[in-house]
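Visitor: My questions all concern the structure below.
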Amino acid sequence: MAKGCENCTKKKSKSCFMKLLFVLTLFIAIFVGLDQIKHRWYIFDQYKLQEIAQRNIAKYSEDTHEMITHIAEDLEKEYPGHITLKEEWVFNNAGGAMGSMWILHASITEYVIIFGTPVGTEGHTGRYISDDYFIILEGEQWAAYAGDLDKAVYKPGEMHHLARGDAQHYRIPDRAWALEYARGWVPAMLPFGMFDFMFSTVDFVTFYNTFRLYGKSLVRELLQGKI
């Protein structure tokens, strides 16, 4: 009797394992398929964003707030209905670095934010299944890959591209502000930022506001058919 129960348990375990394997395989297959066509849902162009940034840098280099608000307004004209003009700032802690961000756009496959700090910071960029474009508006960003003996320096108007799968050490030596654009699978980028919250800052207000703002933008985009 005991042997029969043992065989029954083994069969159930094997059955559960096969079901789990099937679900995992199906999930991977769906992800790979969607990953091949995700570009269909992109609406932003990194070079257009850089052009808008450079135009406003030339006009408002002496007034950072004027610069970023006019960038937001120009983006709304270029991408009507997809930019949040209400200025709501929230801290961002990720990879040991800290700054403030204003979420202009957030969906499943893209985000556009103003990010920066007036006091400087440094840390790990993160390693994503997305491409990240960091367009400097004011100040400098320094960056280096593992093994680099010299840093790369990015100045106002220049764009730092962190390619999918890459990671760098970066630093804002004093103060800097940037227009940041990411394209890929944005939800997969969230855990990188959440780990600092869970194991370091334990800042529930920032945690709540980050998800509130992202969620609100995500729902708005989905209602417009933007993934």
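Visitor: Roughly speaking, what is the stretch gain from Thr25 to Arg164, that is 0.36 nm per residue apart minus the C-alpha to C-alpha distance, in nm to one decimal?
Guide: 47.7 nm
Visitor: Here is a follow-up. Could you run the Karplus curve 6.51 cos²θ - 1.76 cosθ + 1.60 with θ = phi - 60° over the range 116-122 and give me ³J(HN,Hα) per residue in whole Hz, x for Gly and Pro?
Guide: Per-residue couplings from phi come out as x, 7, x, 10, x, 5, 7 Hz.
Visitor: Taking springs between alpha-carbon atoms closer than 10 angstrom, which of Ser107, Ser15, Ser200 fluctuates most in the Gaussian network model of the chain?
Guide: Checking each option, the largest mean-square fluctuation is seen for Ser15.
Visitor: I would also like to ask the following. Applying the Karplus parametrisation 6.51 cos²θ - 1.76 cosθ + 1.60 with θ = phi - 60° to the phi angles of the range 92-104, what ³J(HN,Hα) value in whole Hz is obtained for each residue in order, glycine and proline being reported as x?
Guide: Once θ is set to phi - 60°, the couplings for the range 92-104 become 10, 10, 7, x, x, 9, 9, x, 10, 9, 10, 7, 8 Hz.
Visitor: Same structure, new question: Might you tell me the accessible area per residue for the chain, computed with a 1.4 Å probe and given in Å²?
Guide: Accessible surface, normalised per residue, equals 56 Å².
Visitor: Oh, and also: So what is the calculated 222 nm ellipticity per residue for the chain, using -39500 (n - 2.57) for each DSSP H run with n of 4 or more, over all residues, to the nearest 500 deg cm²/dmol?
Guide: -14000 deg cm²/dmol
Visitor: Here's a follow-up. Which residues make up the longest stretch of the chain that has no GluC sites (Glu not before Pro) in a DSSP loop with at most 15 other Cβ atoms within 10 Å?
Guide: With a cap of 15 other Cβ atoms within 10 Å, the longest stretch comes to 89-227.
Visitor: So, one more: For Ala97, which sequence-distant residues (separation of 5 or more, or a different chain) have an amide H within less than 5 Å of its own amide H, given hydrogens modelled in the peptide plane?
Guide: His124
Visitor: So which of Lys59/Lys226; Lys77/Lys226; Lys48/Lys151; Lys59/Lys216 end up more than 29 Å apart, counting from Cα to Cα? Can you show the working numbers first?
Guide: Values: Lys59/Lys226 32 Å; Lys77/Lys226 17 Å; Lys48/Lys151 27 Å; Lys59/Lys216 32 Å.
Over 29 Å Cα-Cα: Lys59/Lys226; Lys59/Lys216.
Visitor: Computed from the mean reciprocal separation of all distinct C-alpha pairs, what Kirkwood hydrodynamic radius does the chain have, in Å?
Guide: Roughly 19.4 Å, rounded to one decimal.
Visitor: Leaving ligands, DNA and RNA out of it, report the carbon-plus-sulfur percent of the accessible area of the chain at a 1.4 Å probe.
Guide: The C+S portion of the solvent-accessible surface of the chain is 62 percent.
Visitor: Find the all-direction average of the projected area of the Cα convex hull for the range 104-155, expressing the result in square nanometres with one decimal place.
Guide: Reported value for the Cα convex hull: 4.7 nm².
Visitor: For the range 157-171, what does the Karplus curve 6.51 cos²θ - 1.76 cosθ + 1.60, with θ = phi - 60°, yield as ³J(HN,Hα) per residue in whole Hz, taken in order and with x for Gly and Pro?
Guide: Each residue's phi maps through the Karplus curve to give x, 8, 10, 9, 9, 9, 6, 3, x, 8, 8, 9, 8, 10, 8 Hz.
Visitor: Pick from Gln50, Gln36, Gln168: which is most flexible by mean-square fluctuation in a GNM of the chain where alpha carbon atoms under 10 Å apart are linked?
Guide: Gln36
Visitor: Which cross-chain or sequence-distant (5 or more) residues have an amide H under 5 Å from the amide H of Thr84, H modelled 1.01 Å from N in plane?
Guide: HN-HN under 5 Å from Thr84: His105.
Visitor: If all Cα-Cα distances of the range 152-227 are sorted into 10 Å bins from 0 onward, what percent lands in each bin, rounded to whole numbers?
Guide: 13, 36, 40, 12, 0
Visitor: Find how much the distance from Lys216 to Asp203 grows on full extension, using 0.36 nm per residue of separation minus their present alpha carbon separation; answer in nm with one decimal.
Guide: Length gained between Lys216 and Asp203: 2.7 nm.
The values are calculated or read from the model by the stated rules, or taken from the named source; none is laboratory data. Keep in mind that this is a model prediction, so the values were computed, not measured. Because the Cβ atoms are built from the backbone with ideal geometry, glycine has one as well, and the counts that use them run over all protein chains shown. Protein only, heavy atoms only, side chains kept; ligands, DNA and RNA dropped before computing areas. Shrake-Rupley method; radii C 1.70, N 1.55, O 1.52, S 1.80 Å.
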